[in-house]
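The structure under discussion appears below in the form of structure tokens.
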Amino acid sequence: MVETGRYLYAVAAGLPGGTVTTVAGVGNAPVEVVEHAGLQAIVSTVDLSEYGEEGLRRNLEDLAWLEETARAHDAVVRTASEAAPTAPMRLATIFFDDDGVRRCVEELDDDLRAALARVDGRVEWSVKVLASRRPSSAAASGAPSGGADYLRRKKAESQARESAESGAVAAAERVADAVAAGAVAVRRLPPQDPRLSGLEGTMLLNLAALVDQGDSDAFGARMDELADAEAAVSVAAGPWPAYSFATLETR
Amino acid sequence: MTLASTEGQAQAQIALVDLVDRLLGSGVVLAGDLVISLAGVDLVQIRLHALIASVRAEMVPR
């Protein structure tokens, strides 16, 4: 007999019936809603050989599996979040049965409601600031004509580097200020590795901004205006479900 | 301005790296029945493996 568990995607408040039942869950499983105390826990059934402790340990290291699962998780979360305030769960939050899901919703009731109130009517934007690739030093080409020339070049290079760095930092500050001005809340996430992000240059800032839905278009437009500064490039993406702002207080 | 939908604005596609950062790094920190035992999995390790895998994928010509 196949042992199964319940995969919890998110908890929503006031989710209209039938909203998420049209979207496929992880492993193409039908998505269901477990009602508890006026909240809707969005779940589907998973095979514990794949989503149990041992299976997860193996599968989380498999990028194809990770991508498929994360995409399915995201599809369910965004469908729900477009219809009602939704607190997304971490990837692969698994319970043995619906009673386990209900118990969890019950225990976290206050925190969940606070998280839902925080994200209600709001979306997440990502804003990253990257230091521009330094143009190769403007110093004269060719071999230095002597020791003094060599030292002069060294100094010029070092000055150019410093000014590029301080320029990039100043540009990042300006973007951070604009993000703070347009957002309800901002979180600083760890910078991403360029090989992962596919973005060139050192990531100076990786911000998540919680923005009122009504301000979302204007926020995106403002970020586009700021995108190209002299010493830094900023990349804005969104709107997304408010993933970074549904975090419960650690207990 | 047009409304993307009556329920809310259509949301944009999210890059995998950003999604994984959010789904493993933040989101509601919640102890599912199995998450306690999963806590032993080093998430940094997972990211590292994902990174290596993606770098390998880049080397394959498209």
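The values are calculated or read from the model by the stated rules, or taken from the named source; none is laboratory data. Worth saying up front: this structure is predicted, and the values here are computed from it rather than measured. Glycine also receives a Cβ, built like all others from the backbone with ideal geometry; neighbour counts cover every protein chain displayed. The accessibility values were calculated without ligands, DNA or RNA, using every heavy atom of the protein model including side chains. Shrake-Rupley method; radii C 1.70, N 1.55, O 1.52, S 1.80 Å.
Miscellaneous remarks
- By the Cα gyration tensor, the stretch A:122-246 has an equivalent ellipsoid whose semi-axes, rounded to whole angstrom, run 38, 13, 11 from largest to smallest.
- Here the label points at A:ASP62 and A:ASP228, each 7 Å from Cα along the C-beta direction, are separated by 4.4 nm in the simple model.
- Cα gyration tensor shape of the stretch A:160-201, rounded if a/c is under 1.5, else prolate or oblate by comparing a/b with b/c: oblate
- Placing dummy labels 7 Å off each Cα toward the beta-carbon, the span from A:ASP217 to A:GLU173 is 3.4 nm.
- Prolate/oblate/rounded call for the stretch A:172-251, Cα gyration tensor, a/c under 1.5 rounded: oblate
- Among the residues of A:82-94, the average count of other protein chain beta-carbon atoms within 10 Å of the residue beta-carbon is 6.
- Remark: relative contact order (chain A) = 23 percent; criterion is Cα-Cα distance under 8 angstrom and separation of 6 or more residues.
- The stretch A:63-132 shape via C-alpha gyration tensor axes, a/c threshold 1.5: oblate
- Nearest-10 value in Å² for the accessible area of A:TYR150, using the 1.4 Å probe: 110 Å²
- The B-A contact accounts for approximately 4700 Å² of buried accessible area, totalled over both chains at a 1.4 Å probe radius.
- Percent of Cα-Cα distances greater than 17 Å, calculated over the stretch A:4-119: 51 percent
- Dipole moment magnitude, nearest 20 debye, the stretch A:82-234 about Cα centre, only Lys, Arg, Asp, Glu C-beta charged: 1140 debye
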